[in-house]
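Chemist: Right, I'll just put the structure down here and ask away after.
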Amino acid sequence: MGNRFICMTKKDVKKDVKENGSRSKRMGRSQRKLLAEEEFLHKQALSMALHQHQLSQRFDGSMSRRIGSTSSRRRNPTEDPLSNGKLAPEFLENIKTKKIILIHGEGFGAWCWYKTIALLEESGLLPTAFDLAGSGIDPTDTNSVVALVKYSKPLMDYLQDLPEDDKKISKAIFLCGTMVSNGQRPFDVFAEELGSAEHFMQQSKFLIYGNGKDKPPTGFMFEKEQMKGLYFNQSPTKDVALAMVSTRSIPLGPIMEKLSLSPENYGTGRRFYIQTLDDRALSPDVQEKLVRENPPERVFKIKGSDHCPFFSKPQSLHKILLEIAQIP
């Protein structure tokens, strides 16, 4: 990736805020500061993504808890862990899980977590994000990722390097993800909307034949306009721009693989699910079916979020992560 960053002086930040015109004038000082900091973070991420593109040349150009507050009950303002963007010290002391591993979805990379990483670090937590095989700037040829074991190798290597006395995974959080059951394929979650796997393979014009047309397809990728409608229907345009230069094709092998999940291992893990209620890639109905058929410990919901809440609703996502981290 390289060590390239864009640095802005305080004078540059003030100038950047001023140029937002009358909209900024109507904002309070804290809002203007938040806007400037977010703009600064985005420029860093976009700069890194563009630099990565030049280096790799591989980019393609419930139990329901509702977010308004993060709880279904009314929250007393004095109980809010976030006050003026700051985390209450007593709340931080109660956090049971301080190390958080952020795992991106298919086609994305570690780059998609830039807002979440900044918010978690400001809260005193220790987030880690990395690219899975064939994702982000990982040099693996996406067409060669034919099995889940290869796709997830960076994650498995990271877990194996943890000290032996560390509990490897204390909580698993599925963010509008394909939380499958034993014997299911991740693709099966989309079957009702995309049709059978056989139909998808025969009809889809988005398939990629990395090994030649006479061989089975190796991946797929939606056209950019369709991606915008499916994944980013509520996301800021600047984050959509970042995604357009950073997403890569999705390897077919891992999502077509039936998973073997045992009650002794997977069944004893603590799972939490975050639903996104304006999601067009994995509809709210499908997400509801997932948690109904394979119930997690608790379900949270983010109103007004598309398939990428780390872009469209970063503060709401952040509050949920903090709440889950605090659960003993």
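The values are calculated or read from the model by the stated rules, or taken from the named source; none is laboratory data. Keep in mind that this is a model prediction, so the values were computed, not measured. Cβ: placed from backbone, ideal geometry, glycine included. Neighbour counts: every protein chain shown. The accessibility values were calculated without ligands, DNA or RNA, using every heavy atom of the protein model including side chains. Shrake-Rupley method; radii C 1.70, N 1.55, O 1.52, S 1.80 Å.
Chemist: Can you sort GLU223, GLU288 by 1.4 Å-probe accessible area, starting with the largest?
Modeler: GLU223, GLU288
Chemist: Please pull out the direction-averaged projected area of the range 113-160, using the convex hull of its alpha-carbon atoms, in nm² to one decimal place.
Modeler: 3.9 nm²
Chemist: Amide H to amide H, which residues 5 or more places from GLY219 or on other chains are under 5 Å from it, using H placed in the peptide plane?
Modeler: Hits under the 5 Å cutoff: ILE208, GLY210, LEU252.
Chemist: Run the simple label-point estimate for LYS153 and SER181 please: 7 Å along Cα→C-beta, distance reported in nm.
Modeler: Placing both labels 7 Å beyond Cα along the Cβ direction yields 3.3 nm.
Chemist: What does DSSP give for the range 201-307 in terms of the percent of beta bridges that are antiparallel, rounded to the nearest 5?
Modeler: So the antiparallel bridges amount to about 45 percent of the total.
Chemist: Next question. Which whole-Hz ³J(HN,Hα) couplings does the range 175-189 yield from phi under the Karplus relation 6.51 cos²θ - 1.76 cosθ + 1.60, θ = phi - 60°, glycine and proline marked x?
Modeler: 9, 6, x, 8, 7, 7, 9, 4, x, 8, 9, x, 4, 4, 5
Chemist: Can you give the translational diffusion coefficient of the range 90-326 in µm²/s, computed by Stokes-Einstein from the Kirkwood radius over Cα pairs at 20 °C and 1.002 mPa s?
Modeler: Rounded to a whole number, D works out at 114 µm²/s.
Chemist: Moving on to the next point. Describe numerically, in nm with one decimal, the distance between label points set 7 Å from Cα along Cα→Cβ at GLU293 and at SER170.
Modeler: 3.2 nm
Chemist: For THR237, what accessible area in Å² do you get when you roll a 1.4 Å probe over the heavy atoms of the protein chains, rounding to the nearest 10?
Modeler: Only protein atoms counted, so the area is about 120 Å².
Chemist: Once phi is turned into θ = phi - 60°, what whole-Hz ³J(HN,Hα) does the Karplus curve with 6.51, -1.76 and 1.60 give for every residue of the range 313-324, x standing for Gly and Pro?
Modeler: 9, x, 5, 5, 4, 4, 4, 5, 4, 5, 5, 5
Chemist: Would you rank LYS238, LYS258, LYS153 by solvent-accessible area, highest first, keeping every protein chain in place and using a 1.4 Å probe?
Modeler: LYS258, LYS153, LYS238
Chemist: In whole Hz, with x marking every Gly and Pro, tabulate ³J(HN,Hα) for the range 243-258 from phi via Karplus 6.51 cos²θ - 1.76 cosθ + 1.60, θ = phi - 60°.
Modeler: 5, 5, 9, 10, 5, 10, 5, 9, x, 6, x, x, 7, 9, 8, 6
Chemist: Only bridges with both residues in the range 90-326 count here: give the DSSP antiparallel percent, nearest 5.
Modeler: 25 percent
Chemist: Could I ask something else about it? Using a basic spin-label model with each label point 7 Å from the Cα along Cα→Cβ, how many nm lie between SER262 and VAL245?
Modeler: Modelled inter-label distance: 4.7 nm.
Chemist: While we're here: Longer than 28 Å from Cα to Cα, which of LYS99/LYS289; LYS98/LYS238; LYS115/LYS228 are they? Say none if no pair is. Let's see the in-between values first.
Modeler: Values: LYS99/LYS289 30 Å; LYS98/LYS238 30 Å; LYS115/LYS228 19 Å.
Correct reply: LYS99/LYS289; LYS98/LYS238.
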